[in-house]
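To start, the structure itself, in structure tokens.
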Amino acid sequence: MSPRGLQPPAAHQGPGPIPQPLVEALDLPVTGLVGRTLPGDRRAVGIGAGAELAQLRPYQFGDDVRHIDPAATARSREPHVRLHVPDRALTTWLLVDVSPSMAFGTAQRLKADVAEGVALVLARLAIRRAGSVGLLTFGAGEPRILPPRGSKPGMVAVRRTLADGVARDGVNHPAALADALARVGRLARQPGLVAVISDWRSSEDAGPYDDWVRPLGGLRIHHAVLAIEIGDPREQELPPLGRLALVDPETGERIEIDTSRRRVRERFAELERERRERVAGELRRLRVTHVTLSTAGDWLRDLGRRLA
């Protein structure tokens, strides 16, 4: 690969085009995820879209013909429609990583750009069924919290907060992910959907590597949890480019390595593979839906395929 192919995108690129048909296609997989995890927990009063039958009555002008009940119509020889108890509006919490490590990307965009796009898509899906969306950003100082809102105010608040971008200096908060999960566990009173959007990289200063396992397991008991891991191709393997000076964006630590040595490249790939397997194994053990996305390719289509 040419050195030009490794140049990072110039600052904030944005998530790119988000076609509405693709967003609508994601509605069913996300709804199915919540439905499988929280059966029967979202009942509300009145009549509306839902799974539980509320009333069976003769058809009236203006009723949706898709709600006609064939069996009742056949028995009575008069069109009858089914009315259902509506599902309670669902609250979606978005946990978005804005730590300095998210400001990295050697492909089409930064990891932060993909995270922004995923958050915007999930926010759209959250409010389209009269639901509400809350946001918590972590990894750059004190977490920013937006309480759940519905309709346009909720979408505008999420968009404005994400537009601030990520921390650019060496801010080191090793336990930020674990703290964010614990905080949402205290804020989210009713069962709902919690989406964690991060590169899932912990610092060794945090103590146990998987310090986020316990609070995530606590969330999983009461909520449908979606773990979205965003990575970059250069985080998985090093190209042979000779001597490189690398700086950890979160600690500021600087090291020099010789990427022309095959053993160095193999060891780097091995450590990264072990890290990814460890994260995937813990999420699988907790029965958390795990989606991996990359800064290369079409992240929106990849999100749809992996959820489907």
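The values are calculated or read from the model by the stated rules, or taken from the named source; none is laboratory data. Keep in mind the model is a prediction, meaning the values are calculated, not measured. Here the Cβ positions follow ideal geometry from the backbone for every residue, glycine too, while neighbour counts run over all protein chains shown.
From the list A89, A107, the lone residue that is under 30 Å from R305 (Cβ atoms), touching a Ser or Thr at 6+ places or on another chain (Cβ under 6 Å), of a type outside the set (D, E) and modelled with pLDDT under 85 is A107. Looking at the structure I just gave you, is I145 part of a strand (DSSP E or B), more than 25 Å from P17 (Cα to Cα) and modelled with pLDDT of 85 or more? So I145 fits the description; yes. Does R42 satisfy being at pLDDT below 90, of a type in the set (K, R), touching an Asp or Glu at 6+ places or on another chain (Cβ under 7 Å) and surrounded by 17 or more Cβ atoms within 10 Å (Cβ to Cβ)? Judged against the criteria, R42 is a match.
Name the residues in segment 258-274 that are surrounded by 16 or more Cβ atoms within 10 Å (Cβ to Cβ) and either touching a Lys or Arg at 6+ places or on another chain (Cβ under 9 Å) or hydrophobic (A, V, I, L, M, F, W, C) (or both), would you? If the condition is that a residue be surrounded by 16 or more Cβ atoms within 10 Å (Cβ to Cβ) and either touching a Lys or Arg at 6+ places or on another chain (Cβ under 9 Å) or hydrophobic (A, V, I, L, M, F, W, C) (or both), then T259, F268 are the ones that fit. Looking at G117, G154, G150, G185, just one residue is under 16 Å from the mean Cα position of the chain (by Cα) and assigned by TED's automatic domain parsing to the domain that holds P215, and that residue is G117. Just to be sure, is I197 over 27 Å from G141 (Cα atoms) and assigned by TED's automatic domain parsing to the domain that holds R183? No: the conditions fail for I197. Within segment 158-170, residues that are at negative phi have Cβ atoms under 7 Å from residues that are at pLDDT below 80 in these pairs: G170/P249; G170/E250; G170/T251; G170/G252, counting only partners at least 6 apart in sequence or on another chain. Looking at E229, is it touching a Ser or Thr at 6+ places or on another chain (Cβ under 6 Å) and part of a strand (DSSP E or B)? In short, yes.
Is one or more of the residues making up segment 118-132 in a loop (DSSP other than H, G, I, E, B), hydroxyl-bearing (S, T, Y), surrounded by fewer than 22 Cβ atoms within 10 Å (Cβ to Cβ) and in contact (Cβ under 8 Å) with a residue 24 or more places away in the chain? The answer is no, given that none of the residues of segment 118-132 is in a loop (DSSP other than H, G, I, E, B), hydroxyl-bearing (S, T, Y), surrounded by fewer than 22 Cβ atoms within 10 Å (Cβ to Cβ) and in contact (Cβ under 8 Å) with a residue 24 or more places away in the chain. Answer yes or no: is there a residue in segment 115-126 that is of a type in the set (K, R), modelled with pLDDT of 90 or more and within 30 Å of R189 (Cβ to Cβ). The answer is yes, given that some residue of segment 115-126 is of a type in the set (K, R), modelled with pLDDT of 90 or more and within 30 Å of R189 (Cβ to Cβ). Each residue in segment 191-215 was checked for being hydroxyl-bearing (S, T, Y), more than 16 Å from P100 (Cα to Cα) and at pLDDT 55 or above, and 0 of them qualify.
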